[in-house]
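In what follows, a structure is listed as structure tokens, so that the remarks can point back to it.
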Amino acid sequence: MTDLSIQVRDAGSASVVEPSGFINAHTVRQFEGALETLVQEGRFTILLNCRELNYISSAGLGAIMGLIETVRENKGDILLCNLQENVFAIFDTLGFTQLYRVFPSEEEALASLTEQA
Amino acid sequence: MCPSPAMRMEKSDFRLTIPSQTRYLNLVTGLAKRASQLAGMDDSTAAKVSIAVDEAVTNIIMHAYGGEEDHSVELDLRFTETTLEIHMWHTGVGIRGNQIVLPDPKEYVKHPRKGGLGLLLMSRFMDEVRFSEEKGRSECCMIKNIA
């Protein structure tokens, strides 16, 4: 089993990034690369669907943090959905749930973007 | 308080030495999670312990050894009646107590930046985190109380 696989797909104005496995210091470059590719392509609204994400360490949080200013400066955002309990605990412990919009499901996250538009 | 490092293994100890390479993080965190469950912790607590171990071992590999892959990290898991102790030793650059600055999450939210989050997770998810040096080796000791 690989430590991390990442699927990226478009959903309207947003790009959905679905990491599966573990984001840690070993896999973070792969995760960071996927996010950076989207930003380079001008895809500034990114939804991280975390339903298959087993855990994310501070290395992965740093990757998200490293891009948040760029996407928001370009009228985009990084949203989160389907966080497993332990992944939510990590985000919440570090105050990330105040920095990012978190949704129970992908549908609700995408609907919020439609309402916003 | 963390006990000083003991060189002999007790019956309830489990010791593992890994190369200073991030490819082994998953192995170590999996072990920490299973050990926590074996000690009687629930799945949620065990997951937090495994994250704290990921952060501690990552700090050793990336900062104490500067990312050099030809060193080793020694882990010693000690089961007591009331705690799980996780001792991690290395011969790289150690952290001294006065070098530890934990970011304030409230300030962090106002002024986000990269870095410093690993130590915060370790301190929030474990009941005790200590750093020490002895005989040319540095130790990070983390203790989780069994509820």
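The values are calculated or read from the model by the stated rules, or taken from the named source; none is laboratory data. Predicted model only: the values in this text are computed from it and were never measured. For neighbour counting, all protein chains shown are included, and Cβ atoms are generated from backbone atoms with ideal geometry for every residue, glycine included. Please note that ligands, DNA and RNA were not included when accessible areas were found on the heavy atoms of the full protein model with its side chains. Shrake-Rupley method; radii C 1.70, N 1.55, O 1.52, S 1.80 Å.
Summary of values
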{"item": "Members of the stretch A:65-87 that are buried (at least 16 other Cβ atoms within 10 Å of the Cβ) and more than 10 Å from chain B (Cβ to nearest Cβ)", "result": "A:LEU67, A:VAL71, A:GLY76, A:ASP77, A:ILE78, A:LEU79, A:LEU80, A:CYS81, A:ASN82, A:LEU83"}
{"item": "Residue within the stretch A:13-35 that is assigned to a loop (DSSP other than H, G, I, E, B), among the charged types (D, E, K, R) and touching an Asp or Glu at 6+ places or on another chain (Cβ under 7 Å) present", "result": "no"}
{"item": "Those residues of the stretch B:96-128 which are open to solvent by less than 70 Å² (accessible area, probe 1.4 Å), at pLDDT 70 or above and within 14 Å of another protein chain (Cβ to nearest Cβ), in sequence order", "result": "B:GLY116, B:LEU117, B:GLY118, B:LEU119, B:LEU120, B:LEU121, B:MET122, B:SER123, B:PHE125, B:MET126"}
{"item": "From the options A:LEU35, A:LEU80, residue that is modelled with pLDDT of 95 or more and touching a Gly at 6+ places or on another chain (Cβ under 9 Å)", "result": "A:LEU35"}
{"item": "Out of A:TYR55, A:TYR100, sole residue that is touching a helix residue (DSSP H, G or I) at 6+ places or on another chain (Cβ under 9 Å), of a type in the set (Phe, Trp, Tyr), surrounded by fewer than 21 Cβ atoms within 10 Å (Cβ to Cβ) and within 14 Å of another protein chain (Cβ to nearest Cβ)", "result": "A:TYR100"}
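Yes or no, residue by residue, for (1) open to solvent by less than 60 Å² (accessible area, probe 1.4 Å); (2) at pLDDT 90 or above; (3) within 22 Å of B:PRO19 (Cβ to Cβ); (4) assigned to a strand (DSSP E or B):
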position	(1), (2), (3), (4)
B:LEU31	yes, yes, yes, no
B:SER36	yes, yes, no, no
B:SER50	yes, yes, yes, no
B:ILE60	yes, yes, yes, no
B:LEU75	yes, yes, yes, yes
B:GLU81	no, yes, no, no
B:GLY94	yes, no, yes, no
B:SER138	yes, yes, yes, yes
